Amino acid sequence: MNFKRKLGILALVCLVTDIALFGLIQKEPYSTEAVMDSLWKQHNVQSTMIDGISEANPVLDVSVYDEKDINGVEDYLNNSLSKEDLEHYKLNVYQWSENPLEFRENAQENLNNWNILLQMGANVEQ
């Protein structure tokens, strides 16, 4: 009876260890791209873009269908991106529009406000 109990405990420990290891192996490694891609499942976004071409002004650009979704997307990115990404990239979340002029204005609004604050020498948190 004592042997069966020890064998049962050993089997249970092995099973729990296997499940934990399987969970760790299946976990996707962190990347900026993975966080941006996860927006499509988490929020109702129209488009996402990582603009890292300009090292002077790297931007994570997200357009949403509804203006009320902007704060939720910004909160999600602030909680999901690494501290290094938040320091490196400027977040630009704005409302999408079918009107090209309005769309361009919405996209530039946040970036212009950001640049004005930087020119004023403000200590800006993303």
Cα-based reach from Lys68 at 22 Å (exclusive), listing lysines while leaving out same-chain residues under 8 positions away: Lys41, Lys90
Using the Karplus curve 6.51 cos²θ - 1.76 cosθ + 1.60 with θ = phi - 60°, work out ³J(HN,Hα) for each residue of the range 70-76 in order, rounded to whole Hz, and write x for Gly and Pro. 4, 4, x, 5, 4, 4, 4
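Since every read-out is calculated from the coordinates, none of them should be taken as a lab result. Bear in mind that the values here come from a model prediction, so they are computed numbers and not experimental data.
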